[in-house]
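Peer 1: Below is a structure I'd like to ask you about.
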Amino acid sequence: MINFFPTPYPDEILYSILARYHIRSCNPGFKHSSLDLFGVLTNSSIILPSNITKLTANLPSNCLLTEEKIINDFTLFPIYAPFLDCRKAMLVNKNMKNGVNVQRKMGIKYGALKKNYLFYCSECLQQDLTHYGEGYWHRIHQVPGVFICPFHEVALKRSKLSVQDINDYQYLNVESEHLDIEEVYPMSVLVKKQLLNLSKNFYYLLNIKKGQFSLEQIQKCYLEQLKKVGLITPNGRIQQKKIQSLLLRHFEEETLQYLQLNIEDGVGYNASWMVRLWSDGAGSPVRHLLMMELLCGSVIEFFNQIKKIEDRQYVENKVILTNKKNVKTVSQNVNNDRRRFYREQWLDLQSKYPCYLRYQLREKSSNVYTWLYKNDKIWLNENSPERKLLRRTVNWENRDEGLIEEMKQVFNEWDEKTYQSRRSVKSVIKQLNKVSWFEKNAEKLPKSMAFLQAHVESVEDFQLRRAKQAIKILTTEKGMLKEWMVLRKANLPSNVSQRVRDFISVSCQAQSIAEYGN
């Protein structure tokens, strides 16, 4: 557990918070900070970082940051979540908490648009320096498709920091040597206005309450708005060419070029990214936001239309339900009656499927479950099937044998990856990521404990190994050896043991003789 963690600033991205920790910790290298923060080496991903669970486990006890708060408030997950189905969104969220490279392995289709550098707003930076005494990387500025600062309405500037470079465990804050002076995207007044609207829409999307809108609701609203403006034929065919023409008339060609969006790519159903927006939701958030603005004038109005659709559907369902019960009128106060309606739906569902567990009922009627979970959680917990706990019997004998193989691998890779740290009992267990096993059940792992005790290093052995590594490096780089050079390179104190000093002395003499002989 680390002793401190910087307090996040407004609209700060997680990478920036970690960079500020690295500066304040005075660690000698980025990898030291990564081990401090996560317990393992973790890539410095900008968009969708991973190992969030390990990070929160290492935070100080007085830190109020949780896994969900970090993901929703300090990463770019909220701009992708509404356009993923419920199962995929939960899977991405889970993998961000665990040690999975989400961007590489989850298959989220971001589209062609991406940012290869970190971006900043010069006015935001000046304001941050005045208010907080230091600058930081803003979350909204790193969103692919944001070229204008929504706060100050000026074009963003590109820093010198490549996303590809900083992904290699680097934590770099907003400092003068990392910043460019000139704006890299000159643009006309109209294009700037359209890109500014897009930036504000992204900022709205970043700050929407989690789970407020689902992909199913967004797709339903797409189809309703297309019908409203006459872009769906009576037989249900979407008039795609007309949508293309409207997009080209509504947005400047230069705006679409900035967003790397070729409208003509949408010819034919199979090749059309537009059709996929309202069929399976695939597509980058930029494409969704452009389509929402085209159909409703703004993204905020599009989401307002979703609320109206949900309210209307609720009233229609209520009428059907009350007619079945021979009730003549529907209550005038929709908000007060909604809770009773959804409770009845949930109880009816359980009566139809008495053997179903809670997650199976949720799959049968996700909209009912979601509403109750968000608005009536205590009642939902009290009126749902009890969760069945699965008792697992652990085969500690097999686990003991398997641990030995894992330890062998750790020891084999130690010299190359972590030669600067001693192979102590604590450090090896930390590398295995099995701390709880040894803390609570060490007596059930006799073979592993014996193997561990036999292969850990004493302080003297550790110093000797560092001396050998330093001699190897110096021989390659310098071609000469001096005792003081070896001690400095290996970061060893002057009062090392006689055994270590004799080894260094003999090695230096041997190297001198070899040079003299040549």
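The values are calculated or read from the model by the stated rules, or taken from the named source; none is laboratory data. This is a predicted model, so every value here is computed, not measured. Cβ placement follows ideal geometry from the backbone for every residue including glycine, while neighbour counts extend to all protein chains displayed. Quick note on the areas: whole protein, heavy atoms, side chains included, nothing else; ligands and nucleic acids left out. Shrake-Rupley method; radii C 1.70, N 1.55, O 1.52, S 1.80 Å.
Peer 1: Among the chymotrypsin sites (Phe, Trp or Tyr not before Pro) within segment 1-57, which fall in a DSSP loop and have no more than 14 other Cβ atoms within 10 Å of their own Cβ?
Peer 2: Answer in residue order: F4.
Peer 1: Which residues' amide hydrogens lie under 5 Å from the amide hydrogen of Y169, considering only partners 5 or more residues apart or on another chain, with H built in the peptide plane?
Peer 2: S44
Peer 1: Report the accessible area of C86, computed with a 1.4 Å probe over the heavy atoms of all protein chains in place, in Å² rounded to the nearest 10.
Peer 2: Counting only protein heavy atoms, C86 exposes about 100 Å² to solvent.
Peer 1: Distance in nm between label sites at R488 and R87, each 7 Å beyond Cα in the beta-carbon direction?
Peer 2: 6.2 nm
Peer 1: Which value, in Å² rounded to 10, gives the accessible area of H455 with a 1.4 Å probe and all protein chains present?
Peer 2: Taking all protein chains as shown, H455 has close to 80 Å².
Peer 1: If I ignore ligands, DNA and RNA and count only protein heavy atoms, how much of K352 is accessible to a 1.4 Å probe, in Å² to the nearest 10?
Peer 2: 150 Å²
Peer 1: Now, a different point. Give me a comma-separated list of calculated 3J(HN,Hα) values for segment 63-76, in order, Karplus coefficients 6.51, -1.76, 1.60 applied at θ = phi - 60°, integers in Hz, x for any Gly or Pro.
Peer 2: Karplus-based 3J(HN,Hα) across segment 63-76 equals 7, 8, 6, 10, 4, 5, 5, 4, 5, 7, 9, 10, 10, 8 Hz.
Peer 1: For segment 1-18 and segment 466-509, what is the separation of their C-alpha centers, rounded to whole Å?
Peer 2: Cα centroid of segment 1-18 versus Cα centroid of segment 466-509: 40 Å apart.
Peer 1: Hey, got a sec? Which GluC sites (Glu not before Pro) in segment 114-215 land in a DSSP loop and have at most 11 other Cβ atoms within 10 Å?
Peer 2: Answer in residue order: E182.
Peer 1: Scan around E12 for amide H atoms under 5 Å from its own, H built in the peptide plane at 1.01 Å from N, and keep only partners 5 or more places away or cross-chain.
Peer 2: R139
Peer 1: If you rank I166, I23 by how much accessible surface each has, with a 1.4 Å probe, what is the order from largest down?
Peer 2: I23, I166
Peer 1: Just flag the trypsin sites (Lys or Arg not before Pro) in segment 465-516 sitting in loop per DSSP whose Cβ has no more than 15 other Cβ atoms within 10 Å.
Peer 2: K478, K482
Peer 1: Sequence-distant or interchain residues sharing an amide H contact under 5 Å with L161, placed H: which?
Peer 2: L118
Peer 1: Same structure again: Between M480 and E68, what is the label-point separation in nm under the 7 Å Cα-to-beta-carbon projection?
Peer 2: 6.5 nm
Peer 1: Leaving ligands and nucleic acids out of the surface, order W371, W346 by accessible area at 1.4 Å, largest first.
Peer 2: Of W371, W346, the descending order of accessible area is W371, W346.
Peer 1: Right, here's the next one. Applying the Karplus parametrisation 6.51 cos²θ - 1.76 cosθ + 1.60 with θ = phi - 60° to the phi angles of segment 50-59, what ³J(HN,Hα) value in whole Hz is obtained for each residue in order, glycine and proline being reported as x?
Peer 2: So the Karplus estimates, Gly and Pro as x, are 10, 6, 5, 4, 5, 5, 5, 5, 8, 6 Hz.
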